[in-house]
Every structure is written in structure tokens, then in C-alpha cells.
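> I'd like to ask you about the structure that follows.
Throughout, read-outs are computed from the coordinates displayed, never taken from laboratory work. A quick note: this is a predicted structure, and the numbers were derived from the prediction, not measured. In this analysis, Cβ positions are derived from the backbone assuming ideal geometry, glycine residues included, and neighbour counts consider all displayed protein chains.
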Amino acid sequence: NPFAHTTFVMSCAKLEQLPADGAPELAFVGRSNAGKSSALNTLCQQKTLARVSKTPGRTQLINLFALRGGQSRLVDLPGYGYAAVPDAIRRDWGKLIGGYLETRDTLKTLAVIMDCRHPLTDLDEQMLDWAQAYGRPCHVLLTKCDKLSRGAGAATLLQVRQALKARGPGFTAQLFSSHTPTGVDEARAALAAALVA
Ligand code: GDP
């Protein structure tokens, strides 16, 4: 597992606080409650690496983790789309995430976490637009696929892949579940490959 032995490095509230060195980064983004923390924990085989949120949308922190002793990094970006978030925080979120995606030279690739029952929301499309504009490849994890029948999951995957096709070859998708678990090896392989590409 390329994501074993991942360790917490630091939290940043501002882009200026991010470390400046050149380790390539894989960033996780997604709508609050889509299963981002669970996916991170599952991929890294750790129970509490990322906190599974009981009150989604509160923290606006970028959390950095070191992979393989710092050869590369995982970056957990704050979740979006939580209804009860005040406008000011929403604007801060846009500045933080948009700024990170635009300016972070070491950002190699994104893991975009979507609940497979509600994929491609407006804010997901906004993320994909930014990623496309700034030339960042995206691998979409359609999480909680244990909640769908096999047929419904396959149909959703097909539909999402179809939608991503227009954005170019750097936009891929797969089914994923942290609970069953499903698609874990596939996700590790795809994300690790994108990180070193
Ligand atoms: P985050 O806000 O995106 O970090 O989402 P969390 O990882 O905190 O998960 C939100 C909720 O969805 C929690 O109650 C999790 O137990 C649940 N959840 C996360 N992943 C899965 C999954 O693969 N299958 C199912 N059935 N539930 C999940």
C-alpha cells in the first residue's frame, strides 16, 4: 500500500502558511459529508488520520500529511457545500481552495470525493472547472457505493465518466466504499500513479 505510514504534518488556515518545499502533493476535496475523511483513513489504513466529521463544514483548515517519510504529501482540503455555513466563511473557502488550486506548484493531482447517490453537484462542478482551468488532473471517488445496488452503481459510474470525458483524459472516476470496502486497491493505484506522473 503506497499510502501506508502516512503521518500528520501540520494544519494551515492560510496559503502563506503552507511549506514551500517541493514534495509533490495529492489533494483531497469534496462536499462535506461525502466521505472524504473516511476515504483518507481507509486508503491510509488508519482509523483516525482524518477526523470523521460529526459537525461538517466547521473547519476551514488545510491539513497536510507526509507520505513515505515526506517524499510526497497528502493534503486534506476543507469540505464544501455545508448549508449552515455563513457567507463570509464560504467566501474564505473559495479564496483558500481556489488559491491553492491555482498557485500551488507542487499540486500534482486531485482526489475529488462525491457521494455516489448525489454526484456532480454545482460545487463539485466548480471544483472540476478550477482543476481544468489550472491543469490539475482529477480522479473522482464515488463513495458510499455500498448504498447502491450493483446495477445502480454501474449506471452512476457510466454517467459520471461520460460527463468527465468532455474535460479531457486527466479526469477519471471509479466506485469506492470505505465500509464494505470496495475500490480501495484501484484508488490507491490510480492516485499513486497520478502523484508520480
Ligand atoms: P467528510 O465530511 O466528507 O469527511 O465525510 P466523513 O468521512 O466524515 O463521512 C460522513 C458520514 O458518511 C459518516 O457518517 C460516515 O460513517 C459515512 N460514510 C463515509 N464513507 C462511507 C461509505 O463508504 N459507506 C457508507 N455507507 N457510509 C460512509
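> Got a sec to turn the phi values of the range 190-197 into Karplus ³J(HN,Hα) couplings, 6.51 cos²θ - 1.76 cosθ + 1.60 with θ = phi - 60°, whole Hz, x for Gly and Pro?
My calculation for the range 190-197 gives 5, 6, 5, 5, 5, 5, 9, 5 Hz in order.
> Would you calculate the separation in nanometres between label points at residue 165 and residue 1, each defined as 7 Å from the Cα along the Cα-to-beta-carbon direction?
3.5 nm
> Using Cα-Cα distances under 8 Å and only pairs 6 or more residues apart, what relative contact order does the chain have, in percent?
Numbers: 345 pairs, mean separation 47.1, N = 197.
Relative contact order of the chain: 24 percent.
> Oh, and also: For 101, 74, which order do you get if you count the other beta carbons within 10 Å of each Cβ and list the fewest first?
Values: 101 21, 74 26.
Ordered by Cβ neighbours within 10 Å, fewest first: 101, 74.
> Sort 102-109, 62-69, 136-143 by the packing proxy (mean of other Cβ within 10 Å over each peptide's residues), most packed first.
Numbers: 102-109: 16.0, 62-69: 18.6, 136-143: 24.5.
Listed from highest to lowest mean packing, they are 136-143, 62-69, 102-109.
> Separate question: Which one of 123, 82, 39 has its Cα pushed farthest toward the positive end of the charge dipole of the range 1-148, where Lys and Arg give +1 and Asp and Glu give -1 at the Cβ?
So the residue we want is 39.
> To check my understanding: the extent here is largest minus smallest coordinate of the Cα atoms along each principal axis. What are those three numbers for the chain, in Å, largest first?
That gives 46, 39, 35 Å along the principal axes, largest extent first.
> Still on this structure, I have one more. Given the options 116, 44, 12, which has the most mean-square fluctuation in a GNM of the chain, springs set between C-alpha atoms less than 10 angstrom apart?
12
> Same structure, new question: For the range 139-152, what does the Karplus curve 6.51 cos²θ - 1.76 cosθ + 1.60, with θ = phi - 60°, yield as ³J(HN,Hα) per residue in whole Hz, taken in order and with x for Gly and Pro?
Computed from phi, the couplings for the range 139-152 are 10, 8, 9, 8, 7, 6, 5, 5, 7, 10, 5, 4, x, 5 Hz.
> Report the Cα centroid-to-centroid distance between the range 109-168 and the range 72-96 in angstrom, as an integer.
After rounding, the separation between the Cα centres reads 18 Å.
> Still on this structure, I have one more. Tell me which residues come under 5 Å, amide H to amide H, from residue 115 once H is placed; ignore anything under 5 positions away on its chain.
143
> How large is the helix-only mean residue ellipticity at 222 nm for the chain, computed as the sum of -39500 (n - 2.57) over DSSP H runs with n ≥ 4, divided by its residue count, in deg cm²/dmol to the nearest 500? The partial results should precede the final answer.
Numbers: 5 runs with 66 residues, N = 197.
Taken over the chain, the calculation gives -10500 deg cm²/dmol.
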